[in-house]
Amino acid sequence: MLSANLSAIFYLISGVLFILALRGLSSPETSRQGNFFGILGMIIAITVTFLSIGNFSTGFVVVLIFLLIGGLIGAFIAYKIPMTAMPELVAGFHSLVGLAAVFVAIAAFLNPNAFNLGSPGNIKLGSLIEMSIGAAVGAITFSGSVIAFLKLQGIMSGSPITFKGQHPLNALILISIIVLTYLLCSTQSSNLFWILLAVSFLIGFLLIIPIGGADMPVVISMLNSYSGWAAAGIGFTLENTALIITGALVGSSGAILSYIMCKGMNRSFFNVILGGFGATEQSSSQSKEQRPVKSGNADDAAFLMKNASSVIIVPGYGMAVAQAQHALREMVDTLKKNDIKVSYAIHPVAGRMPGHMNVLLAEANVPYDEVFELEEINNDFANADVAFVIGANDVTNPVAKTDPQSPIYGMPVLDVEKCKSVLFVKRSLSPGYAGIDNDLFYKENTLMLFADAKKMTEDITKNL
Amino acid sequence: MEIDPFIFRLSIFILSIFIGYYVVWSVTPSLHTPLMSVTNAISSVIIVGAIIAGLAGSSDNIFNTSSIFGFLAISLAAINIFGGFLVTQRMLAMYKKKKKDK
C-alpha cells in the first residue's frame, strides 16, 4: 500500500504530465509526444489509485471488468468515427465526463466513509459544498452536451428553440440551485441532493435548446470548460491534486476557446448564451428585390483556375457536410501540377467546432503549412487570382464590413471579394446561418457554381 | 495557527488556471480540435474517484448502491480515456508537413 504522501506526489506528477500534454499542442511536431505524456499521466494516476487502496481482493476484478468494457467501447468509437463527425463525438464525450462526475458525487454522498469525508448524514461541510458544485456542474454538462450532440447529429433541429419567459425561468432555476445547495449543506438531507441533481439536469437542457446550430463552436467549447470545472469540483472533494490541476486546465482551455469563437463572430458570450440568433432575421432578406447573379459550370470554373497563378480555397461547414475534402485535395493536386500556387484560408468559426476544418483537411492529406488562419492570409486575397469558396458563406460576407445595420456587422470576415475572381460553390442562393443575403453572390467578379460541393469539385478536376 | 489544507488545494487550483491560460493560448489554432479531444481524455482522470468508490464495497457485498455508481462511472470515464486519447492520436497522425520537392 502506498502512503498518502507518496501517492500525492505521484498525482502531482500526472498533473504535470497533463500540462505537458497540452503544451505539446503548440505545434503539430510536438503534439504526438504531448499526447504520449497525457497517456502516461493517466496510467500513473490510475495505477497509483489502485496501489493506494491496496485492496486487491474485493471488487478489484469487477473494477477491471468495467474499466475494460469502457475501454473497448472507447477504442472502438475512436477507430470507427469519421473525421466529419468529430463535433458530435466531442459533445458526446463531454456528456460522459459530466455524467461520470455526477456518479462519483453520488457515490461519495452515499458512502462518504470510503473517501474520508465523514459519515452519511454527517459529511464535512466543505466536502459537501465541493461535492454539490461538482455534481451540479457535472449534471449541467451532461444534459447540455446531450442536447448539443442531438443538434449536431441532426436528430434535433439545429434551429433555436425559444419561448416566452425563457430567460426569467432560467434565472429562477439557477437561483434555486444556489438555494438548494445552501439548504443541502445545512440539513444534509439526501432528498435535497436528488432534487439538486434533477434541477441541474433540467437547467443544462434549457440552457442549450435556444442556441442555434452554427453557434455550436461556442457551445462545445463552453461545455468543454464546464466538464473541467466539474472535474475540479470533484477533485476538491477527493482532495486529489491530479484532478484539481486537470480540472483547472480543462476549465480554462474551454473558456479560452469559447472566447476565441465569440471573437470570431464579433458577439459577446452572453449574446450567444441567450440564444435565438438567426431565428428572427429571415423576413428582411425575402423582401429584397431579385438581383442578377452570374452562374457557371465546372468547365467555366476549370478555365478560370487554369489561367490563374494563385488560388485561395475557403472551406466551410458545407464542405464537411458534402464530405468534399478528399475531392478538394485531388483538385488542388491537379492545380499544383500546373504550377498554380494554392493555399487554404480558415475562418475561426468555420465548421461546427474549433479547428474543425483543419482536421478535415489534414485527413485529406493537405499539409498543414498550406493552411492559414484568417489574420495570416487575409492580405493575400488582394493578390490572388481566384478564391474558391466551398461550403462557407457568412464568413465571407462583405456586409460585415460595410453595413452597420447588419446582424453580422463587425464580425471579422475573409476578404474574398478582393480576389480577381471568386468561385462560390453552393447548392442555392439561400442565405447562410445568420439569415442574411451575401453581397458576394451579386458581385461582378463572382461566379456561382450551383451544385453539391463534392460533385462540383470532382467535375472541375476532370475539366482541368 | 495552522493553515487549512483546503487553502493549499485552492492555491494549486488557482495557479493551474493560470498555467492553463498561458498553455492554451500557445496552442496553434489548427490543433484546436485535438485540444478538445485531449482535454476530454484528461478530464476523465475523474476515474480515480470512481475507482475509490468501486473498491469501497465490503467483501461480502461488492455491489452496494455507492459502488455500483462507482462501477458505472469507471466505464463512462474509461470510454473517454481510451476514446479521447486514441482519437487524438489518430487526428495528430494526419497532420503532415509539405513533402520536400519531388
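Since every read-out is calculated from the coordinates, none of them should be taken as a lab result. Keep in mind that what you see is a predicted model, and the values were worked out from it rather than measured. Cβ placement follows ideal geometry from the backbone for every residue including glycine, while neighbour counts extend to all protein chains displayed.
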Task: Equivalent ellipsoid, segment A:298-443 (semi-axes from 5 times Cα gyration tensor eigenvalues, Å) - done: 23, 17, 14
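Which value, in debye to the nearest 20, describes the size of the charge dipole of chain B about its Cα centre when Lys and Arg Cβ atoms bear +1, Asp and Glu Cβ atoms bear -1, and nothing else is charged?
Around 1120 debye, computed over chain B.
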Open item on the list: Given the options B:SER66, B:SER26, B:PHE8, identify the residue whose Cα lies farthest towards the positive end of the charge dipole of chain B (+1 on Cβ of Lys, Arg; -1 on Cβ of Asp, Glu).
Closed with: B:SER26
Open item on the list: Just the number: Rg to Rh for segment A:1-159, Cα atoms, Kirkwood Rh, two decimals.
Closed with: 1.01
Task: Dipole magnitude of chain A about its Cα centre (Cβ charges: Lys, Arg +1; Asp, Glu -1), debye to nearest 20 - done: 620 debye
Open item on the list: Within 10 Å of each Cβ in B:6-14, how many Cβ atoms from other chains are there, averaged over the peptide?
Closed with: 4
Task: Average other protein chain Cβ within 10 Å of Cβ, residues A:88-99 - done: 6
Task: Inter-label distance, nm, simple model (7 Å from Cα along the C-beta direction), A:PHE269/A:SER190 - done: 3.7 nm
Task: Principal axis dimensions, largest first and in whole angstrom, of segment A:121-173 by Cα - done: 46, 27, 14
- [ ] For segment A:70-157, evaluate the Debye formula with one uniform point scatterer on each Cα (no solvent term) and list log10 I(q)/I(0) at q = 0.18, 0.20 Å⁻¹, rounded to two decimals.
- [x] -0.80, -0.89
Open item on the list: As a footprinting exposure proxy, order A:LYS443, A:LYS124, A:LYS337, A:LYS454 by other Cβ within 10 Å, with the fewest listed first.
Closed with: A:LYS337, A:LYS124, A:LYS443, A:LYS454
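So what is the orientation-averaged projected area of segment A:1-76, using the convex hull of its C-alpha atoms, in nm²?
That works out to 5.8 nm².
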Open item on the list: Residue by residue through A:114-122, how many Cβ atoms from other chains fall within 10 Å of the Cβ on average?
Closed with: 2
- [ ] Mind checking the full-extension length gain between A:LEU51 and A:PHE205? Use 0.36 nm per residue of separation minus the Cα-Cα distance, one decimal, nm.
- [x] 51.5 nm
Open item on the list: Between A:ASN297 and A:LYS336, what's the calculated FRET efficiency when r is the beta-carbon distance and R0 is 25 Å? Round to 0.05.
Closed with: 0.60
Task: Percent RCO, i.e. relative contact order, over segment B:7-102, from Cα pairs under 8 Å lying at least 6 residues apart - done: 29 percent
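Share of Cα-Cα pairs in chain A beyond 37 Å, in percent?
Above the 37 Å cut-off, chain A has 36 percent of its Cα pairs.
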- [ ] Mind giving me the nanometre distance, one decimal, between the label points for B:ASN64 and A:ASN307, set 7 Å out from Cα along Cα→Cβ?
- [x] 8.2 nm
TODO: On a 0 to 90° scale, report how tilted helix A:166-187 is relative to the longest principal axis of chain A, with both axes built from alpha carbons and the result rounded to the nearest 10.
DONE: 20 degrees
- [ ] Just the number, please: percent antiparallel of the DSSP beta bridges in the protein assembly as shown, rounded to the nearest 5.
- [x] 10 percent
TODO: Taking the Cα centre of segment A:301-452 as origin, sum charge times position over the Cβ atoms of Lys and Arg (+1) and Asp and Glu (-1), and report the length of that vector in debye to the nearest 20.
DONE: 340 debye
TODO: May I have the convex hull volume per residue, in Å³, for the Cα set of segment A:299-382?
DONE: 98 Å³
Task: Ratio of Rg to Rh over segment A:293-334 (Cα coordinates, Kirkwood Rh, two decimals) - done: 0.98
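How do the peptides A:140-150, A:176-186, A:318-328 rank, highest first, by the average count of neighbouring beta carbon atoms within 10 Å per residue?
The densest-packed peptide leads the list: A:140-150, A:318-328, A:176-186.
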- [ ] Could you bin all the Cα-Cα distances of segment A:123-281 into 5 Å bins starting at 0 and give me the percent of pairs in each, rounded to whole numbers?
- [x] 2, 10, 16, 19, 20, 16, 10, 5, 2, 0, 0
Open item on the list: With equal scatterers on the alpha carbons only and no solvent term, can you work out the Debye log10 of I(q)/I(0) for chain B at 0.18 1/Å?
Closed with: -0.99
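So what is the orientation-averaged projected area of segment A:69-119, using the convex hull of its C-alpha atoms, in nm²?
Details: hull surface 17.1 nm².
That works out to 4.3 nm².
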Task: Over 21 Å [Cα-Cα, segment A:381-464], rounded percent - done: 29 percent
